[in-house]
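Structure first, commentary second.
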There are 2 protein chains.
Amino acid sequence: MSSSKTLRKLQVVSPVPADIDIANSVEPFHISEIAKELNLSSNHYDLYGKYKAKVLLSVLDELQGSGDGYYVVVGGITPTPLGEGKSTTTVGLCQALGAFLDKKVVTCLRQPSQGPTFGIKGGAAGGGYSQVIPMDEFNLHLTGDIHAITAANNLLAAAIDTRIFHEATQSDKGLLNRLCPPNKEGKRSFANIMFRRLKMLGISKNNPDDLTPEEVKKFVRLDINPDSITWRRVMDVNDRFLRKITIGQGPEEKGMVRETGFDISVASEIMAVLALTTSLSDMRERLGKMVIGNSKAGDPIIADDLGVGGALTVLMKDAIDPTLMQTLEGTPVLVHAGPFANIAHGNSSIVADKIALKLVGPGGFVVTEAGFGADIGTEKFMNIKCRYSGLTPQCAVIVATIRALKMHGGGPEVVAGKPLDHAYLSENVTLVEAGCVNLARHISNTKAYGVNVVVAVNMFSTDTEAELNAVRNAALTAGAFDAVVCTHHAHGGKGAVDLGIAVQRACENVTQPLRFLYPLDISIKDKIDAIARSYGASGVELLDSFAEKQIEMYTRQGFSSLPICMAKTQYSFSHIPSEKGAPVGFVLPVRDVRASIGAGFIYPLVGTMSTMPGLPTRPCFFEIDVDTTTGRVLGLS
Amino acid sequence: MSSSKTLRKLQVVSPVPADIDIANSVEPFHISEIAKELNLSSNHYDLYGKYKAKVLLSVLDELQGSGDGYYVVVGGITPTPLGEGKSTTTVGLCQALGAFLDKKVVTCLRQPSQGPTFGIKGGAAGGGYSQVIPMDEFNLHLTGDIHAITAANNLLAAAIDTRIFHEATQSDKGLLNRLCPPNKEGKRSFANIMFRRLKMLGISKNNPDDLTPEEVKKFVRLDINPDSITWRRVMDVNDRFLRKITIGQGPEEKGMVRETGFDISVASEIMAVLALTTSLSDMRERLGKMVIGNSKAGDPIIADDLGVGGALTVLMKDAIDPTLMQTLEGTPVLVHAGPFANIAHGNSSIVADKIALKLVGPGGFVVTEAGFGADIGTEKFMNIKCRYSGLTPQCAVIVATIRALKMHGGGPEVVAGKPLDHAYLSENVTLVEAGCVNLARHISNTKAYGVNVVVAVNMFSTDTEAELNAVRNAALTAGAFDAVVCTHHAHGGKGAVDLGIAVQRACENVTQPLRFLYPLDISIKDKIDAIARSYGASGVELLDSFAEKQIEMYTRQGFSSLPICMAKTQYSFSHIPSEKGAPVGFVLPVRDVRASIGAGFIYPLVGTMSTMPGLPTRPCFFEIDVDTTTGRVLGLS
């Protein structure tokens, strides 16, 4: 047992009770005690109730001189639709490191979207004896970051349509009069934010009255092409009827109708900005330069052109601080940002990882999870997140299950909500061995970044010794530093002690520098090609001239040096979800290329990505209620 | 000076600086110090940062046996579009009572909508030397209550459309199979929440398999009439293009398009529920019985029919706790709920007032503001809020300005953003005297509830002694207990000491019991009539057969005993904003009658009410930014 004062010995029960029952069986420590163990003084965090605190970014300034801990990323093999327990393994590994191996450790997790909590998916706090608590606070509202994103995203959306409306109904002079109204002395002036647009236009005048009529026109008319608008509204609710809507049908809007739609809030570019930003001033700049569409002349229009970049930053100024929580065994967790893993990069925030690395210090561990399979999550972690953060991971964990490996070896389809086929419930070493081609490719891809790869086999009660040995052998053959069976779901940190030891050894024995998959200064097409080849593709096909034109446009607009964020299914290395194992030789079709300029990446679409989930006939919410005498949440899963 | 340890002596500067500059010139006390002065122990509140705390409802149980303080409501005369300083007077009065008259005092304020903060209006934290601080935290996010309302409101909206979708595409049996899926043993069961609907249908079976085909149909088919749906989506953003929209245009939604729209979040019925609820269990019931529309047979469909009442309560469970803040002079403030003053009742929450009354105890003061003019705000405070709370006010303050009285006396139109006419800037006793008819009617209407009325003249630098005396005389003649000139905007609490003394005397000298304007057991029409007559109307006209039919429907559905919440302009006693003074003999036209069944009132529409504001050509947000070195918010007004 560790020397820390906030560790909690779990009383493990078998069979494993429901997640909510385990979570409720434990009284969390006051979060100030968790903070104290991290040597955070009270001026470095703000409490949000008893079990959550926002850690202030200012702590980075104070710890600037101190060293970083080891940096571990958790990815997974290509999953079944049931998921292979990446979050649970991330939490379990940290419980092992902190509560059994006496290490300083911080778990860095994404904040889950609230919408799916009421739909099919349920919560995202881990599972069994490896969870973040309190589970209801983790899954709902948290400290309001996603709500802030929703507010900021939609303020920008309202600013776009209102600006088009006002430009359509006013003369150049009228617009200038309203944009730069005279003060009591009759003098006009530019708002500070307007100098950003003036500078971009090459106008260096300080007095609105000095503008030539031509300059007035350029300044006041953003002349947004409505068909080019990529900025959509968002809501943190599974509301499929908002996927495609027509707005502006009120009589006061004078027939300025337009088709658009809502995404779920975590799909907002502002979420990606939050995840990739490195400081408040960096966030201010990223929010201001988000591109919402083009002018009719084809120039990008940014949030600062609309005068709203500062207001967006004000709405987001508290969201930039990560939220401190705890695991079931009392180790610290930083929850921060949860960008989509397809149209965005699916990793928690850079600032949380940076703070965590300083807090654990040399010899300590920061374990962060990357969304989706390693082909997507870990790849983006390396090529996008680490590129922007400048941080270097030492170890990548790849989570595998016997179930998923059997599927890759040719087992029957796994469908959520339907009973598992017999093949998955009884020993079948042949299927497992065949499926290890998927694991092997993830290992070699990940190893290529220069990190040591540790395979974590998340064990189920139906797994056999022979099956587990097969995975271990295959992993070592494929170049893994180690491969370990773990039972953290059933046993908490105790079940991941071997994994913790392997991760520690992996971190201590790095021999290579971090290498990216592609340099930034090659063409967009070449970067897409490099990533496609890591999937096993022989090349990339731009499906129609539209994708080609988009690449040309972004290149012309000066955005070609951004990293690439592939929007591809997580259910196969290829673009076809049913192609399991390690497909080769296919041509990856790209049907569209889009960009999140503020966040800082180009995202090619391989297939159709849903950015707004729906509700089933019987959503989770039927079970969710409050015990009105205790105030306790019921039915969350 | 009071004996309290958290009082702050203001260094008053003349002329009065900008609100944000005054707010920023003061370092707030840590909110735990404010809580301590109220004898709140740390288990009675949760910190949200350093300057905000949620006071837990459990404090009511503990203080059940102790007595209440005096209860003071602040209303106003019929205002100009510039507002007459009701919030500022509310805060100033409390600063006087707490910091100069040594009284225990709590100010109860509404949480402002975030949308308008970025539009035209700016913030709502009071003004000058009578403000709630920190002003940016008061105006933005606060502790997330409005975000919770947005989430809950929109979850219900998504549940409605999705349910219609699933009912349209599935058989009765298919729906039952999905609503009550078999468990691993193949046994079906009802979710707890389903028993609410079963009970309403008169079905007392416990096993889904025991339902007759007829019962299955009744149970699984809500058969919602899409044209009857009154539940709209909400967003806390001024987004005029969402006022009227068409949803469901995605191909997956199979052509199930529908016209609907968004309101601003504070217009959600859930906000009204929050403001009127008295406990967690009461909120659970109110949220569950919110009517979203009718079945095709004309029966009301409620949130619990959709299975979502419990989930809504879970989303709102922290929002039920009021937020503690402080004034510039260090007196405590509870901020909680901010329902629209037209389609809802425009008063802060019952639970905040209840907690405050216990915290100040006998001899202490709770001052709460009622939105709009007293004809609407104070009327609804008495007949809706006090009716549900069972609380009895002793004193009603009516805020008046020389400016507004001159307008009522026949002065030229006052338009926001345009310079004031000379009549308002120089002495004109005749105009003031003529305008006092408006004040007089507000006084006699308010007095009729059995409270003592104190008139607070919010003084401007251009007001003259003769004008102020005219108001004082008119107020006393009209039956006011007292009438006092105050300068709290320029001087803080010191400028409202006379008002504080008058309010104290008024509270100590109540001679009558609380009397409502109408009983609940008369017809809807008669209740509307009673309120209309208090406006000076000779009667009510239902504009078309639709309003009449709505009244019939609500009566048939069993909702006729609810109180009435008039949706009328605040700019006149009548329905015509330009009719100033005290109009009489008009017939009040009602064009529609709607209901918020969960919140608990019927609301007749007198004229058109906008429930979604827009943004001007140059919204406030152009000025708003963050100083990225200090983290301080700039440009909020």
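The values are calculated or read from the model by the stated rules, or taken from the named source; none is laboratory data. Since we're looking at a predicted model, the values are computed, not measured. Note: ideal-geometry Cβ built from the backbone for every residue, glycine included; neighbour counts use all protein chains shown. We work out accessible area using only protein heavy atoms, side chains counted, and drop any ligands, DNA or RNA first. Shrake-Rupley method; radii C 1.70, N 1.55, O 1.52, S 1.80 Å.
Among the residues of the range A:27-74, which ones have their accessible area go down by 20 Å² or more when all the protein chains sit together, as opposed to their chain alone (1.4 Å probe)?
Residues shielded by partner chains are A:46, A:47, A:48, A:49, A:50.
Calculate how steeply helix B:86-99 sits against the longest principal axis of the alpha-carbon atoms of chain B, using the helix alpha-carbon long axis, and give the answer as 0 to 90 degrees to the nearest 10.
Around 70 degrees separate the two axes.
Per-residue HN-Hα couplings for the range B:67-83, Karplus 6.51 cos²θ - 1.76 cosθ + 1.60 at θ = phi - 60°, whole Hz, x for Gly and Pro?
Result, rounded to whole Hz: x, 8, x, 6, 10, 10, 10, 10, x, x, 6, 4, x, 7, x, 8, x.
Would you work out the charge dipole size for the range B:146-315 about its Cα centre, treating the Cβ of every Lys and Arg as +1 and the Cβ of every Asp and Glu as -1, and quote it to the nearest 20 debye?
For the range B:146-315, the charge dipole is close to 180 debye.
Lys/Arg Cβ at +1, Asp/Glu Cβ at -1, dipole of the range B:297-358 taken about the Cα centre: which of B:302, B:341, B:324 is farthest positive-ward?
Ranked along the dipole, the leading option is B:324.
Counting Lys and Arg as +1 and Asp and Glu as -1, each charge on the Cβ, what is the dipole of the range A:524-605 about the Cα centre in debye, to the nearest 20?
About 180 debye.
Simple spin-label model, 7 Å along Cα-to-Cβ: residue B:469 to residue A:120 in nm?
Taking the simple label geometry, residue B:469 and residue A:120 are separated by 8.0 nm.
Leaving ligands and nucleic acids out of the surface, order B:620, A:386 by accessible area at 1.4 Å, largest first.
Ranking B:620, A:386 by accessible area, largest first, yields B:620, A:386.
Share of antiparallel DSSP beta bridges in chain A, in percent to the nearest 5?
Of those bridges, close to 45 percent are antiparallel.
Calculate, for the range A:305-436, the solvent-accessible area per residue in square angstrom, rolling a 1.4 angstrom probe over the heavy atoms of the protein chains.
That works out to 21 Å² per residue.
Relative to the longest principal axis of the C-alpha atoms of chain A, give the angle of the C-alpha long axis of helix A:145-169, reported between 0 and 90° and rounded to the nearest 10°.
Helix A:145-169 and the main axis of chain A meet at about 20 degrees.
Once phi is turned into θ = phi - 60°, what whole-Hz ³J(HN,Hα) does the Karplus curve with 6.51, -1.76 and 1.60 give for every residue of the range B:609-625, x standing for Gly and Pro?
Once rounded to whole Hz, the list reads 10, 7, 10, 8, x, x, 9, x, 4, 10, x, 3, 5, 4, 8, 8, 7.
Can you find, among A:311, A:265, A:190, the residue sitting farthest towards the positive end of the charge dipole of the range A:146-315, where Lys and Arg contribute +1 and Asp and Glu -1 at Cβ?
Going by the Cα projections, it comes out as A:190.
Treat each spin label as a single point 7 Å out from the Cα along the C-beta direction, and report the residue A:60 to residue B:183 distance in nm.
Label-label distance for residue A:60 and residue B:183, simple model: 4.9 nm.
How large a share of the accessible area of the protein assembly as shown, in percent, is made up of carbon and sulfur atoms when the probe is 1.4 Å and the other protein chains stay in place?
51 percent
Suppose only helical runs count, i.e. DSSP H with n ≥ 4. What mean residue ellipticity at 222 nm does that imply for chain A under -39500 (n - 2.57) per run, divided by all residues and rounded to the nearest 500 deg cm²/dmol?
Computed ellipticity for chain A at 222 nm equals -9000 deg cm²/dmol.
For the pairing of chain A with chain B, what total accessible surface becomes buried, with a 1.4 angstrom probe, in square angstrom to the nearest 100?
7000 Å²
In degrees between 0 and 90, to the nearest 10, how far off the longest principal axis of chain A does helix A:429-447 point, with axes built from Cα atoms?
For A:429-447 against chain A, the angle is about 50 degrees.
Under a crude label model (7 Å from the Cα following the beta-carbon direction), how far is residue B:227 from residue A:25 in nanometres?
5.7 nm
What list of ³J(HN,Hα) couplings, whole Hz, do you get for the range A:189-199 from phi and the Karplus terms 6.51, -1.76, 1.60, once you set θ to phi - 60° and write x for glycine and proline?
8, 7, 5, 3, 5, 5, 5, 5, 5, 4, 4
May I ask which residue of A:394, A:370, A:350 lies farthest towards the positive end of the charge dipole of the range A:348-403, with charges of +1 (Lys, Arg) and -1 (Asp, Glu) on Cβ and the Cα centre as origin?
Of the options given, the answer is A:350.
Distances from residue A:279 to the same position in the other copies: list them in nm, one decimal, shortest first, using label points 7 Å from Cα along Cα→Cβ.
Once sorted, the set of distances for residue A:279 reads 5.4 nm.
Quote to one decimal, in nm, the extra length available between residue A:205 and residue A:610 on full extension: 0.36 nm per residue of separation minus the C-alpha distance between them.
Additional length available on full extension: 141.2 nm.
Using modelled amide H (1.01 Å from N, peptide plane; none on Pro or chain starts), what sits under 5 Å from the amide H of residue A:45, excluding residues fewer than 5 places away?
Under 5 Å from the amide H of residue A:45 lie the amide H atoms of A:56, each far enough along the sequence or on another chain.
If each residue of separation counts as 0.36 nm, what is the full-extension length gain between residue A:212 and residue A:18 once their alpha-carbon separation is subtracted?
Taking 0.36 nm per residue and subtracting the Cα distance, the gain is 62.8 nm.
Only bridges with both residues in the protein assembly as shown count here: give the DSSP antiparallel percent, nearest 5.
Looking only at bridges with both residues in the protein assembly as shown, the antiparallel portion is about 45 percent.
Using a Förster radius of 22 Å, what is the FRET efficiency between residue B:498 and residue B:39 based on their Cβ-Cβ separation? Nearest 0.05, please.
Efficiency, rounded to the nearest 0.05: 0.15.
Averaged per residue, what accessible area in Å² does the range B:524-605 show with a 1.4 Å probe, protein chains only?
That works out to 36 Å² for each residue.
List the distances, in nm to one decimal, from the label point of residue A:415 to the label points of the same position in every other copy, shortest first, placing each label point 7 Å from Cα along the Cα-to-Cβ direction.
Computed spacing set for this position: 6.7 nm.
By per-residue mean of other Cβ atoms within 10 Å, what is the highest-first order of B:242-251, A:336-345, B:590-599?
Output ranking for B:242-251, A:336-345, B:590-599: A:336-345, B:590-599, B:242-251.
Residue B:533 to residue B:415: FRET efficiency via 1/(1 + (r/R0)^6), r the Cβ-Cβ distance, R0 30 Å, to the nearest 0.05?
Efficiency, rounded to the nearest 0.05: 0.45.
Rolling a 1.4 angstrom probe over the protein heavy atoms, how many square angstrom per residue are accessible across the range B:123-237?
39 Å²
Quote to one decimal, in nm, the extra length available between residue B:279 and residue B:425 on full extension: 0.36 nm per residue of separation minus the C-alpha distance between them.
Taking 0.36 nm per residue and subtracting the Cα distance, the gain is 47.7 nm.
Which residues of the range A:236-270 end up with at least 50 Å² less accessible area in the presence of all protein chains than when their chain stands alone, using a 1.4 Å probe?
Buried by 50 Å² or more upon assembly, which counts only protein chains, are A:237, A:240, A:241, A:244, A:249, A:253.
Distance between the C-alpha centers of the range B:426-489 and the range A:84-119? Whole Å please.
Using only Cα atoms to place each centre, the spacing works out to 64 Å.
Let me spell out the model: positive unit charges on the Cβ of Lys and Arg, negative unit charges on the Cβ of Asp and Glu, origin at the Cα centre of chain A. What dipole size does that give, in debye rounded to 20?
1020 debye
Name the residues of the range B:616-637 whose accessible area falls by at least 50 Å² when all protein chains are present instead of the chain alone, probe 1.4 Å?
Checking the loss per residue gives B:617, B:618, B:621, B:622, B:625, B:626, B:628.
Using the 7 Å Cα-to-Cβ label point, sort the distances from residue B:221 to its equivalents in the other copies shortest first and give them in nm to one decimal.
Spacings between copies for this position, smallest first, are 5.7 nm.
Whose amide H sits under 5 Å from the amide H of residue B:634, counting only residues 5 or more places off or on another chain, with H placed in the peptide plane?
The list, which skips near neighbours in sequence, is B:625, B:626, B:627.
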